[in-house]
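Data first, discussion second: the structure below is written as structure tokens.
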């Protein structure tokens, strides 16, 4: 007797995760500064590396970081990917550019969106600057910056 059933090749299972996030002291100060329209990182007292967002300690030296440093909302694309797959619940529709951006005055890139440039024209080394949402939409989130756009003439 032969089994005429089709083999199972995939299954969709909806998942809903609820969690709470508590920012530590360094990140809480960062989020307060971003609410004011400023980007503030922390400098390592050992190697002088500046981290945005701050982590509370240096990933290179393991030393606690406390000195706060205001940095620019401009920087350079260190790496990027063009996302073609829609992400559930994400209002940004593909294709879109997700980039590691090294802000001027920092030593570690942060991840953010890049827009206002055709996907085929984005390159590593491209200078970009933040496009801030309207002030009345600001909260305690890095999403106060809607995206980064190429800097004219750079």
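Points worth noting:
- Virtual spin-label span in nm between residue 13 and residue 133, 7 Å along Cα→Cβ: 3.3 nm
- For the chain, modelled as a GNM whose springs connect Cα atoms under 10 angstrom apart, the maximal fluctuation among 91, 118, 45 occurs at 91.
- Estimated [θ] at 222 nm from DSSP helical runs (n ≥ 4, -39500 (n - 2.57)) normalised by residues in the chain, nearest 500: -2000 deg cm²/dmol
- Paramagnetic label reach from residue 124 (point 7 Å along Cα→Cβ; backbone nitrogen cut-off under 11 Å): within segment 45-72, no residues.
- FRET E, pair residue 141, residue 64, Förster distance 22 Å, beta-carbon r, rounded to 0.05: 0.30
- Max mean-square fluctuation residue, GNM over the chain, Cα-Cα springs under 10 Å, options 56, 139, 41: 139
- Over the Cα atoms of the chain, the radius of gyration divided by the Kirkwood radius equals 1.12; this is the Rg/Rh ratio.
- Cβ-based exposure ranking for 119, 81, 9, in which fewest neighbours within 10 Å come first: 9, 81, 119
- Within the listed set 82, 39, 11, the Gaussian network model of the chain (springs between alpha-carbon atoms below 10 Å) gives the highest mean-square fluctuation for 11.
- Nitroxide proxy distance, nm - points 7 Å out along Cα→Cβ at residue 116 and residue 149: 0.3 nm
- Angle in degrees between helix 25-35 and the longest Cα principal axis of the chain, rounded to the nearest 10: 90 degrees
- Taking only the alpha carbons of segment 56-124, we obtain Rg and Dmax values of 15.1, 41 Å in that order.
- In the chain, Cα pairs under 8 Å separated by at least six residues give a relative contact order of 19 percent.
Quick note: the coordinates plus some simple rules give every number you see, no bench work behind them. Only a predicted model underlies this, so the values are computations on that prediction, with no experimental measurement involved. We place every Cβ from the backbone using ideal geometry, glycine too, and count neighbours over all the protein chains shown.
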